[in-house]
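Below: the structure, in structure tokens.
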Amino acid sequence: MPKVRVGLVGYGTIGKRVVEAVNKQPDMQVVGVVKTKPDFFAQILLSKGFELYAASRESFESMSKAGLEVKGVLEELLTKCDVVVDCTPEGTGAKNKPLYERARVKAIFQGGEKRDVAEASFVAEVNYQEALDKTFVRVVSCNTTGLSRTLGRLNAEFEIKKVRATIIRRGADPVETKRGPINALIPNPPHIPSHHGPDVQTVIHDLPIVTSAVIAPTTLMHLHVVNVEFAQKVTKDGVIDALSRSKRIRFVDSSNGFDSTASIIEFARDLGRARGDVPEVVVWRDSLTVMDNELYYMQAVHQESIVVPENVDAIRAVTGLEREAARSISLTNKTLGLE
Ligand code: NAD
């Protein structure tokens, strides 16, 4: 079977990770990567063997002038692709969409785009089938992916009456110096509910969830404090069983040294994971507390990498490369070392 030809638009925090993940898939081929600027990231992507394309004629000129080998502009890349993964900043994906429509190329957008940019919002373990054969799919944000993974598993096993979650958001990604320094806790948004709950409902449609969010001066990970009320009594072991069925949920114990988000990132770095990435949502087992029908837990989300496996699965779903969610997820997990 011929490989699906994938173009990547936007080589930033998410894009650089997605392109390497796609490149590891036996059924996919990276055709080219679109960038705007002739910076050192362009040199890195060329040194990794990817073909460089420019976002516009203007960027083509500036990159060529800088001595970079540029294959063409975005429109030319689109003639060679079956699907593009758009990892550009918030709102740029929606602006690019008419180009994808004109070229009749399928596209995966990211969580910074509004939900109506796509026909479906996506978290592989929850609603893979909804994305099958669609033209445009949106992989939801890092926070929404983290919440949807654990709540999706719980929702599959138990009847949820309501969810309340507080999201402690990282202030910026490590490279985003322009957003800092920050020395404050910022209610963001200052009203309740935050947009995260409705965003989770784009994936788990009938989930009664209310979220609030605060920005904290950290760049490593987000942290969620989640409270779930069930229609029936649950046990801690039952909850652990339900969450253990996903390889994209990892348990840690504070008694074993995982006393902060910093130790989770250190663990990934010591394992030798590329960039110290943690694509799994990380649940503190010791935080899991059951009181009658209610469950409380804390989980951490590595914002830079959690959506990477979802993008790979979204490509398989929209192209129909794999119609069974479990088979795509298992192949993605295996190739990305999530086992
Ligand atoms: P980023 O700013 O790190 O990267 C975006 C890249 O796209 C930059 O290199 C920028 O120069 C480039 N770009 C801008 N306009 C372009 C164009 N027209 N064509 C090609 N490239 C262009 O952003 P990011 O953090 O990778 O976010 C990308 C998307 O992923 C956003 O929708 C964001 O909301 C979402 N997302 C981000 C995170 C995160 O924490 N960083 C997590 C999950 C989802």
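Filter segment 51-74 down to the residues that are under 19 Å from V30 (Cβ atoms) and open to solvent by 10 Å² or more (accessible area, probe 1.4 Å) and list them by number. Matches in segment 51-74: E51, A55, L68, E69, V70, K71, V73. Within the set R169, R164, the sole residue that is within 14 Å of the ligand (Cβ to nearest atom) and surrounded by fewer than 23 Cβ atoms within 10 Å (Cβ to Cβ) turns out to be R169.
Among the residues of segment 18-27, is any within 11 Å of the ligand (Cβ to nearest atom), within 27 Å of D313 (Cα to Cα) and more than 21 Å from the chain's Cα centre (by Cα)? Spell out the reasoning first.
Kept after step one, since they are within 11 Å of the ligand (Cβ to nearest atom), are these residues of segment 18-27: 18.
Filter once more, so that each one left must be within 27 Å of D313 (Cα to Cα): 18.
Add one more test, that the residue is more than 21 Å from the chain's Cα centre (by Cα), and what stays is none.
Checked against the condition, which is being within 11 Å of the ligand (Cβ to nearest atom), within 27 Å of D313 (Cα to Cα) and more than 21 Å from the chain's Cα centre (by Cα), segment 18-27 yields no hits at all.
Quick one: is T211 assigned by TED's automatic domain parsing to the domain that holds G146, in contact with a strand residue (DSSP E or B) (Cβ under 8 Å, 6 or more places away or on another chain), of a type in the set (S, T, N, Q) and within 24 Å of E125 (Cα to Cα)? Here the answer is yes, as T211 does meet what is asked.
Kindly provide the set of residues from segment 122-146 that are within 13 Å of the ligand (Cβ to nearest atom), touching a strand residue (DSSP E or B) at 6+ places or on another chain (Cβ under 7 Å), open to solvent by less than 10 Å² (accessible area, probe 1.4 Å) and not basic (K, R), ordered by number. Give the derivation first.
Narrowing segment 122-146 to residues within 13 Å of the ligand (Cβ to nearest atom): 122-123, 138-146.
Checking the rest, the ones that are also touching a strand residue (DSSP E or B) at 6+ places or on another chain (Cβ under 7 Å) come to 122, 138-140, 142-143, 146.
When the remaining residues are screened for being open to solvent by less than 10 Å² (accessible area, probe 1.4 Å), the result is 122, 138-140, 143, 146.
Residues satisfying the conditions are F122, V139, V140, N143, G146.
Return the residues of segment 80-121 that are loosely packed, with under 14 Cβ neighbours inside 10 Å, farther than 26 Å from L151 by Cβ and more than 12 Å from the ligand (Cβ to nearest atom); say none if nothing qualifies. Those that are loosely packed, with under 14 Cβ neighbours inside 10 Å, farther than 26 Å from L151 by Cβ and more than 12 Å from the ligand (Cβ to nearest atom): P98, E101, R102, R104. Read through the list (1) exposed (fewer than 14 other Cβ atoms within 10 Å of the Cβ); (2) within 15 Å of Y11 (Cβ to Cβ), then give the number of the only condition that L77 fails. With respect to (1) exposed (fewer than 14 other Cβ atoms within 10 Å of the Cβ); (2) within 15 Å of Y11 (Cβ to Cβ), L77 is out only on (1). Here A42 fulfils each of the conditions (1) more than 11 Å from the ligand (Cβ to nearest atom); (2) touching a Phe, Trp or Tyr at 6+ places or on another chain (Cβ under 9 Å); (3) not acidic (D, E) apart from (1). For segment 289-329, filtering for residues that are in contact (Cβ under 8 Å) with a residue 60 or more places away in the chain, more than 16 Å from the ligand (Cβ to nearest atom) and not charged (D, E, K, R) leaves 13.
Of all residues in segment 217-237, those satisfying the criterion of being farther than 19 Å from G276 by Cβ and either open to solvent by 10 Å² or more (accessible area, probe 1.4 Å) or basic (K, R) (or both) are P217, V225, N227, E229, A231, Q232, K233, V234, T235, K236, D237.
For segment 45-61, the set of residues classified as near the ligand (Cβ under 8 Å from one of its atoms) and under 25 Å from the mean Cα position of the chain (by Cα) consists of A55 only. Among the conditions (1) within 11 Å of the ligand (Cβ to nearest atom); (2) within 20 Å of the chain's Cα centre (by Cα); (3) open to solvent by 40 Å² or more (accessible area, probe 1.4 Å), T36 misses just one, which is (2).
Sort out which residues of segment 18-30 are touching a helix residue (DSSP H, G or I) at 6+ places or on another chain (Cβ under 8 Å) and open to solvent by 20 Å² or more (accessible area, probe 1.4 Å), and write them in order of number. Lay out the reasoning, then the answer.
Of the residues in segment 18-30, the ones touching a helix residue (DSSP H, G or I) at 6+ places or on another chain (Cβ under 8 Å) are 18-22, 24-28, 30.
Within segment 18-30, E20, K24, P26, D27, V30 meet the criteria.
Would you mind stating whether I249 is within 16 Å of the ligand (Cβ to nearest atom) and open to solvent by less than 40 Å² (accessible area, probe 1.4 Å)?
Numbers: within 16 Å of the ligand (Cβ to nearest atom): no; open to solvent by less than 40 Å² (accessible area, probe 1.4 Å): yes.
Considered against the rule, which asks whether it is within 16 Å of the ligand (Cβ to nearest atom) and open to solvent by less than 40 Å² (accessible area, probe 1.4 Å), I249 comes out as no.
The values are calculated or read from the model by the stated rules, or taken from the named source; none is laboratory data. What you are looking at is a predicted structure, and each value in this text was computed from that prediction instead of being measured. With ideal geometry, Cβ positions are generated from the backbone for all residues, glycine too; neighbour counts draw on all protein chains shown. Remember, those area values only see protein heavy atoms, side chains included, never the ligands or the DNA or RNA. Shrake-Rupley method; radii C 1.70, N 1.55, O 1.52, S 1.80 Å.
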